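Trainee: Pasting in a structure now, in structure tokens, and then I'll have a few things to ask.
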Amino acid sequence: MKRNDKGYVLTIDRREGPYDFDTTLKVYAKYQDAVDELRKIVKVTKTEYGDNFDENGEFVGNGGIWCCEEDEESFVIWEDGDYNDSHYSIRVSEEIVF
């Protein structure tokens, strides 16, 4: 990359209680590579949260314990009313690389 090129950062933020948490950053030169990795991780995550998603991967947990939001560049699932202590978030952002 040249100085001041754009990079695409995949940020994975996981929290399960007040003492069990981590954040992972992955940097990609190409936007599509970052989004493809996000999609792979989201697919695995949806299987881990099993009955909150239907066979097409659509969220069906409304009114239950979990809430979920998803778009092309992000995915987040959290325990209703307790985001600070129970969530899994992944997103792609464009950043300038120096």
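Trainee: For a label point 7 angstrom out from the Cα of Asn56 toward its Cβ, which stretches of region 65-98 have the backbone nitrogen within less than 18 Å?
Mentor: Inside the label zone: 68-72.
Trainee: Considering only the other residues whose Cβ falls under 12 Å of the Cβ of Phe53, what net charge follows from Lys and Arg at +1 and Asp and Glu at -1?
Mentor: That works out to -4.
Trainee: A further question on this structure: With the other protein chains left in place, how much accessible area per residue, in square angstrom, belongs to the chain at a 1.4 angstrom probe?
Mentor: Heavy-atom accessible area per residue stands at 67 Å².
Trainee: If you don't mind, there's one more thing I want to ask. What is the count of Lys pairs in the chain whose alpha carbons sit under 25 Å apart, if the two are 8 or more places apart or on different chains?
Mentor: Eligible lysine pairs with Cα atoms under 25 Å apart amount to 11.
Trainee: Mind putting a number on the dipole of region 45-98 about its Cα centre? Charges go on the C-beta only, +1 for Lys and Arg and -1 for Asp and Glu, and I need it in Debye to the nearest 20.
Mentor: Values: 2 positive and 16 negative charges, 24 e Å.
With only Lys, Arg, Asp and Glu charged at Cβ, the dipole is about 120 debye.
Trainee: Related question: Can you compute the charge dipole magnitude of the chain about its Cα centre, using +1 on each Lys and Arg Cβ and -1 on each Asp and Glu Cβ, nothing else charged? Give it in debye, rounded to the nearest 20.
Mentor: 720 debye
Trainee: While we're here: Springs between alpha-carbon atoms under 10 Å, Gaussian network over the chain: tell me which of Ile77, Ile65, Ile41 tops the mean-square fluctuations.
Mentor: Ranking Ile77, Ile65, Ile41 by mean-square fluctuation puts Ile65 first.
The values are calculated or read from the model by the stated rules, or taken from the named source; none is laboratory data. Only a predicted model underlies this, so the values are computations on that prediction, with no experimental measurement involved. Virtual Cβ from ideal backbone geometry, glycine too; neighbours counted across all protein chains shown. Protein only, heavy atoms only, side chains kept; ligands, DNA and RNA dropped before computing areas. Shrake-Rupley method; radii C 1.70, N 1.55, O 1.52, S 1.80 Å.
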